[in-house]
1. Hey, can you find the accessible area per residue of the range 74-179 for me, probe 1.4 Å, expressed in square angstrom?
2. Would you kindly calculate the translational diffusion coefficient of the range 23-122, applying Stokes-Einstein with the Kirkwood radius from alpha carbon pairs, for 37 °C and a viscosity of 0.692 mPa s, and quote it in µm² s⁻¹ without decimals?
3. If the elastic network links every pair of Cα atoms under 10 Å, which of G66, G81, G142 fluctuates the most in the Gaussian network model of the chain?
4. Pull out the extension gain between E6 and D179, defined as 0.36 nm times the separation in residues minus the alpha carbon to alpha carbon distance; nm, one decimal.
5. Label points 7 Å out from Cα along the Cβ direction at Q50 and V156: separation in nm?
6. Could you check the simple spin-label distance between A140 and E32, using points 7 Å along Cα→Cβ, in nm with one decimal?
7. If I take every Cα pair under 8 Å that is 6 or more residues apart in the range 1-160, average their sequence separation and divide by the length, what percent do I get for the relative contact order?
8. Please report, as a whole percent, how much of the solvent-accessible surface of the range 43-149 comes from carbon and sulfur atoms (probe radius 1.4 Å).
Amino acid sequence: MDEPAESLSSDRVELRRWRVTDLDALHRATHESLDRLVPWMPWAAHHSRQQSADFLVRSHDEWETGQAFNYAITSDGVVIGSCGLHRRIGAGALDIGYWIHPRRTGRGLATMAAAALVGQAFHLAGIDRVEIRHDAANPASGAVARRLGFTEVERVPVPEGPSASGEVGIHVVWRMTADQWRGTGT
C-alpha cells in the first residue's frame, strides 16, 4: 500500500507520525487549545485524556489501513498541533485537516504544515486533488487554503446542521489539483 513519509518538514515546522508514546504531549496541547478547538471541532467539547489515547490508537490503525495519515505538528521539538491526510472524499482525493496551539497561531505555521501535507499527498499514487473543508464561520481555515493557492469550489449546507458551537452549518470546500500544485512551484 502506498503511504506517505512518516516525517515531513516545511520551513519552521516538522510533522511526524503520531506515536502512542505521545499521549502526554497530545493531551497537553489539546487541553491548552480547547478554547480555540471547541467552536469548530465537535470532539473537542468532550476532550479527555482517554480521548487523546483513543485518537493515538486510531491514528496508528488508520495509518496501517491507509484511511488516514495523522501527524504531530512540532516546532523546536515541541508538539504544537495536529494535522492529517484523510481518505474520506472519494477516489483520487484526500482532504486535510489541521489545528495549531493558540500561542502559536498567526505565524504561518498552519500554512507550513498544510503545505507539507499537500506536497506529500501529490507524491501518493492516484491522488489528483486535495481538499480543505471548513465551516463558513471559521475564516482562519479558509485563509490557510487561500495562502496555498487553493480554489474555493463550493459552499454546501450541512443537512444535519452545525455540529460544533461556532459553526453555521455551511461547509466551504477548497480544492487544489496536482497540476495546480506543480504550477505553484511549491
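The values are calculated or read from the model by the stated rules, or taken from the named source; none is laboratory data. Bear in mind that the values here come from a model prediction, so they are computed numbers and not experimental data. Here the Cβ is made from the backbone with ideal geometry for all residues, glycine too, and neighbour counts use every protein chain on show. Accessible surface is based on the protein model in full, side chains and every heavy atom, while ligands, DNA and RNA are left aside. Shrake-Rupley method; radii C 1.70, N 1.55, O 1.52, S 1.80 Å.
1. On the way: 4580 Å² over 106 residues.
Value for the range 74-179: 43 Å² per residue.
2. The diffusion coefficient I find is 233 µm²/s.
3. Residue with maximal mean-square fluctuation among G66, G81, G142: G66.
4. Details: separation 173, 0.36 × 173 = 62.28 nm, distance 2.44 nm.
Residue separation times 0.36 nm, minus the Cα-Cα distance, leaves 59.8 nm.
5. Placing both labels 7 Å along Cα→Cβ, they lie 3.3 nm apart.
6. A separation of 1.5 nm, rounded to one decimal place.
7. On the way: 228 pairs, mean separation 36.8, N = 160.
About 23 percent, as a whole number.
8. Numbers: 2220 of 4400 Å².
The value for the range 43-149 is 51 percent carbon and sulfur by accessible area.
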